[in-house]
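Report on the following structure.
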Amino acid sequence: MKWPWAKGAEDVVFPSDVGMPFGEGHRWLALQMHYYNPDLDKNVKDSSGVSLVFASSVRSEDAGVLTFNGGTSPYMRDALPSGQSQVTVNFTVPPACTRKWTAPYINILGLTHHAHLLGKYLKIDVLRGGIYQGMLRHENQYDFNHQSLEESAIRKLYPGDELTLSCTYDTSSKTYPVSFGDLTQTEMCFSAAFYYPMQKVTSPTYSAVERSEFEARATGAKTVCLTPGTGDYSDVSACAQLMALDPLTLKGSPNTGISGMYLCNSGIPGYGTTAYLMAEWWPGMCPSCYLSSNCTEAAMKQHGQEAVCPQMCNVPALSVYPDMARTEAITPTHRTDCDGDVDFVPSPIVFPACTKRGGDLTSSAALSAINVLSRSAMASTSSPPGKSNSGSAAVSGSRAMLPVSCLICAAIILLCQTAPSA
């Protein structure tokens, strides 16, 4: 997707060093239009279109679109319950997705939220290393007719950030469940951001987790995560043993005869090099020794135990033998597709406490200052004796407004000066 447009959106102009690439090896550029004509009116003419301005030379930074698809079809989410003034659904993009970005960080140029007629407010919260960073954009009064692109409060996102899109709806006017879908009478939970430099993985999508499917996978995970290896691997998990001797078993292809050492030093014949496999199929599967093609069996054992297996076993919330702290699988609330499914339970967001920084407008000091300033303002705006015309009356009226503004400013300044330190 190059860019979604919705009602109320305005023109987008990039910074002077940023441009959106077109072509990229593709032959066609398709424009998809959604029309809303519930009365089936005929002979309606449309003048919609897109105007593109191409730069005379290639700019140094390629822009892309980062989309958050938290629900756009009835197959993705259950319908919203009717008769409620506030119904919220969430969609989390886990660190495993943003770690696939290859840039040190991405710059957010602007962000737009999208819901339909029942959308009330939308926001995207950012966690970094488990610490709340703030919101990309909080649209507290969503208006379907004015879906503008606005600057983000957070200008940079980093690999490993966890991003949560929250969409809140008001279904109090409905007597039936409201499904997700393309129709205006249905709903959506969607956001899109312009950013640069362009990355490959930028279309994370929500889908429901089938409990029966997950439980079957969790049973298999317990076997490799919570049991010890055999022989020389009895001090680590069965998962680490497989990572060293038959790693493709962990990806659903057992008994291939390809060891971890061979995989990380040579790749898979006829399929791809190690670098290609790590970029396209299994990020993080090899320790850094793959760069010089000298990975040993011991290195693969250690990498499996300390890196690959903790990440894999954490999906059903299991620990890795000999750590037996978590032996019961927890069904994830999310499945996020970001060039491969990631099942997980989102981290709870701990919002920082709001610390009062100002004084009290009803305090005796504030009221006394306001009273003094008010008397001063009244005295300074008294009409001087003598003749006046319409022009001088206008000036007098203008002068009368100044003390009121100054009164407010002075009261605020006083509060700031007398407020206790936070």
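The values are calculated or read from the model by the stated rules, or taken from the named source; none is laboratory data. The shown structure was predicted, so the numbers you read here are calculated from the model rather than taken from an experiment. Counting neighbours? That spans all protein chains shown, and the Cβs are built from the backbone with ideal geometry, glycine included.
Things to note:
- Flag for Ala192 being surrounded by 17 or more Cβ atoms within 10 Å (Cβ to Cβ), in contact (Cβ under 8 Å) with a residue 60 or more places away in the chain and of a type in the set (A, V, I, L, M): yes
- Checking Tyr262, Tyr271 one by one, the residue that is modelled with pLDDT under 90, assigned by TED's automatic domain parsing to the domain that holds Ala298 and over 21 Å from Thr336 (Cβ atoms) is Tyr271 and no other.
- The condition of being of a type in the set (D, E, K, R), surrounded by fewer than 17 Cβ atoms within 10 Å (Cβ to Cβ), free of Cβ contacts under 8 Å to residues at least 12 places away in the same chain and closer than 19 Å to Cys97 by Cβ holds for only one of Glu280, Glu328, that being Glu280.
- Of the criteria (1) of a type outside the set (S, T, N, Q); (2) closer than 17 Å to Met188 by Cβ; (3) under 26 Å from the mean Cα position of the chain (by Cα), which one Phe22 fails: (2)
- His116 vs. criteria in a loop (DSSP other than H, G, I, E, B), surrounded by 17 or more Cβ atoms within 10 Å (Cβ to Cβ) and touching a residue at least 60 places away in the same chain (Cβ under 8 Å): yes
- Candidates Thr202, Thr164, Thr168, filtered to the one that is of a type outside the set (A, V, I, L, M, F, W, C), closer than 13 Å to Ala115 by Cβ and either surrounded by 18 or more Cβ atoms within 10 Å (Cβ to Cβ) or at pLDDT 95 or above (or both): Thr168
- If only residues of the stretch 70-80 that are assigned to a loop (DSSP other than H, G, I, E, B) and among the hydrophobic types (A, V, I, L, M, F, W, C) are counted, the one that is modelled with the lowest pLDDT is Met76.
- Qualifying positions in the stretch 70-85 - among the polar types (S, T, N, Q) and surrounded by fewer than 19 Cβ atoms within 10 Å (Cβ to Cβ): Ser73, Ser82, Gln84, Ser85
- The single condition from (1) in a loop (DSSP other than H, G, I, E, B); (2) of a type in the set (S, T, N, Q); (3) surrounded by 13 or more Cβ atoms within 10 Å (Cβ to Cβ) that Ser56 fails is (3).
- Pairs with Cβ under 9 Å, 6+ apart, first in the stretch 1-29 and outside the structural domain of Thr202 (by TED's automatic domain parsing) and assigned to a loop (DSSP other than H, G, I, E, B), second of a type outside the set (A, V, I, L, M, F, W, C) and loosely packed, with under 10 Cβ neighbours inside 10 Å: Trp5/Ser48; Lys7/Asn145; Gly8/Asn145; Asp11/Ser51; Leu29/Gly23
- Considering the stretch 133-165, and only residues there that are assigned to a strand (DSSP E or B) and touching an Asp or Glu at 6+ places or on another chain (Cβ under 7 Å), the residue that is farthest from Asp11 (Cα to Cα) turns out to be Thr164.
- If the condition is being under 21 Å from the mean Cα position of the chain (by Cα) and under 16 Å from His113 (Cα atoms), then the stretch 182-199 contributes Glu187, Met188, Cys189, Phe190, Ser191, Ala192, Ala193, Phe194, Tyr195.
- The single residue among Leu245, Leu263 that is closer than 18 Å to Tyr321 by Cα and surrounded by 12 or more Cβ atoms within 10 Å (Cβ to Cβ) turns out to be Leu245.
- Filter result (of a type in the set (Ser, Thr, Tyr) and more than 21 Å from Cys338 (Cβ to Cβ)) within the stretch 274-303: Thr274, Ser288, Tyr290, Ser292, Ser293, Thr296
- Residue in the stretch 17-33 that is loosely packed, with under 10 Cβ neighbours inside 10 Å and among the basic types (Lys, Arg) present: yes
- Considering Cys354, Cys313, Cys338, the condition of being hydrophobic (A, V, I, L, M, F, W, C) and closer than 14 Å to Cys97 by Cα is satisfied by Cys338 alone.
- For the stretch 150-161, taking the residues that are hydrophobic (A, V, I, L, M, F, W, C) and within 12 Å of the chain's Cα centre (by Cα), the one that is surrounded by the most Cβ atoms within 10 Å (Cβ to Cβ) is identified as Leu157.
- Candidates Thr88, Thr67, filtered to the one that is of a type outside the set (Asp, Glu), in a strand (DSSP E or B), surrounded by 16 or more Cβ atoms within 10 Å (Cβ to Cβ) and out of contact with any helix residue (DSSP H, G or I) (no Cβ under 6 Å at 6 or more places or on another chain): Thr67
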